[in-house]
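In what follows, a single structure is set out as structure tokens and then discussed.
The values are calculated or read from the model by the stated rules, or taken from the named source; none is laboratory data. Computed from a predicted model, the values in this text were never measured in an experiment. No Cβ is skipped: glycine too gets one built from the backbone with ideal geometry, and neighbour counts run over all protein chains shown.
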Amino acid sequence: TKTIDPWHSRPLDVHRWSDHPEVGKIVDKLWREFFPTQTGTRAGPKQKTTSKDQLKVLILDLYVAWLDDRWEPKPDPEKNK
């Protein structure tokens, strides 16, 4: 069983963005699948960005974090024995 390190984290990059059509397509698909009844009007203060744009930033940042983690060399526990 692989142990997950709870201290292995980083801040969310809220400035991550992409205008690639493929990114727009996957965000649209996720939005329709998981938020089919989401409307644009809500009580309270007006958001600076739309919820859909926030989802796009989150998906992109998670993808970049996955890429960074996937290619990061893992320490060899046998090396320090």
Requested in this report: May I ask you to list the residues in segment 27-40 that are over 14 Å from Y63 (Cβ atoms) and surrounded by 10 or more Cβ atoms within 10 Å (Cβ to Cβ)?
Outcome: D28, K29, W31, R32, F35, Q38
Query raised in the report: Counting just the residues of segment 37-66 that are part of a loop (DSSP other than H, G, I, E, B) and of a type in the set (G, A, S), which one comes out modelled with the highest pLDDT?
Result: G44
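Being among the hydrophobic types (A, V, I, L, M, F, W, C), assigned to a helix (DSSP H, G or I) and loosely packed, with under 10 Cβ neighbours inside 10 Å, is that true of even one residue in segment 12-26?
So far as segment 12-26 goes, no, none of its residues is among the hydrophobic types (A, V, I, L, M, F, W, C), assigned to a helix (DSSP H, G or I) and loosely packed, with under 10 Cβ neighbours inside 10 Å.
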Requested in this report: Just one of (1) without any contact (Cβ under 8 Å) to a residue 60 or more places away in the chain; (2) under 22 Å from R16 (Cβ atoms) trips up D69, so point out which.
Outcome: (1)
